[in-house]
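Colleague: Let me give you the structure first, and then I'll get to my questions.
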Amino acid sequence: MLKPLSIYALLLLISGTAFAQSKTSAVSSATSIAFLTNDGHYVSTRDSADYIRVITSPDSGSTLYNVQEVYKNNHRKFIGKSSKGNLLYPEGQCIGFYPNGNKKFMENYVSGKLNGVCYYYYPNGKIYNVREYIPYDRKDRQVMGGTISFNYIIKDCLDSTGKVLVKDGFGHYVGYDNYFKHIEEEGAVKNGKRDSTWTGVETNLKVKFTEQYADGKLVSGSSTDSAGVTHTYTQRVTLPQYKGGETALYRYLGSHIEYPKDAVEKNIHGTVVLKFVVKRDGSLTAVEVLKSVSSDLDEEAMRVVKGMKGWLPGQSYGIPEQVYYMLPVTFALQ
């Protein structure tokens, strides 16, 4: 744990005049200091981090915590509010910046979800695109066997010189990677939604794809992998699914779990949360406990899950993928 003096020194180092306050107030207001890499992973030291996140106590009359992230070059990366004091759960307007100091985005959040009109910029400072996000329930976006859908309307899009590509929801959209090094996807936009033919490249999977849209909905897609094999799909991304769906999954658990006698006698109950990988062939591996109840309930949950067969793997662009999956297993005494 950092000593109070270290916390104060760090606040001054990474935040400049933004934390120009007394030593006592700086220490008392710091609720969380984290070192992170660009892919969002936490690391233990400042030297191994790409940026630093500091969360401080709410201002007077507010319940929202103040959040500031800073790059190693001491340029600000992010400023905004969070409804939680120990992690970033954004609320209201949040602003991101490139390492060169130019604005990267202006986003709005409600309960941690993007909401309303948001603005995105090129590294040279010019506007890139404007999107209007539509709130969604998590269950609508990630259900068993479901898909990750587009929950925004494209209002405007411009190239890096300011030339208009999409205006008021009509035109040809060009989507870049996070570093604006290559085009990831492009296609027609009608009434703010994807329409007609879209093409692109998924660099991580090394696939090229062509998709057909109608009123923002994916009708069909075809991808070609690095081996030249073609895959078809109707959803870009699907999560792993137990054959028969959620009902069949919990029927299996209910019929195979044997409540440990010792746990019954001691009236031990609760929900064990497991994490595992659904492999490309539908088999399970790397089963581990994320949330424990007791050793015997944990072991029983793992035993039953390790013996499960009949999973359908997750897919990206029609290609089976290894995907982590979290599963709650509830033990209840009648």
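A short reminder: the numbers here are calculations on the coordinates, not readings from a lab. The structure presented is a predicted model; accordingly, all values stated were derived computationally and were not measured. Cβ: placed from backbone, ideal geometry, glycine included. Neighbour counts: every protein chain shown.
Colleague: What number of residues in the range 94-124 are within 20 Å of Thr161 (Cβ to Cβ), assigned to a strand (DSSP E or B) and aromatic (Phe, Trp, Tyr)?
Modeller: Matching residues across the range 94-124 total 4.
Colleague: Now for a separate question. Filter the range 236-275 for residues that are of a type outside the set (A, V, I, L, M, F, W, C) and surrounded by 17 or more Cβ atoms within 10 Å (Cβ to Cβ); which is farthest from the chain's Cα centre (by Cα)?
Modeller: That would be Pro260.
Colleague: Report, by residue number, each residue of the range 208-222 that is hydrophobic (A, V, I, L, M, F, W, C), over 22 Å from the mean Cα position of the chain (by Cα) and buried (at least 16 other Cβ atoms within 10 Å of the Cβ).
Modeller: Matches in the range 208-222: Phe209 only.
Colleague: Answer yes if at least one residue in the range 223-235 is more than 19 Å from Val323 (Cα to Cα), surrounded by fewer than 17 Cβ atoms within 10 Å (Cβ to Cβ) and touching a Phe, Trp or Tyr at 6+ places or on another chain (Cβ under 9 Å), and no otherwise.
Modeller: yes
Colleague: Within the range 88-100, is there a residue that is in contact (Cβ under 8 Å) with a residue 40 or more places away in the chain, buried (at least 17 other Cβ atoms within 10 Å of the Cβ) and touching a Lys or Arg at 6+ places or on another chain (Cβ under 7 Å)?
Modeller: no
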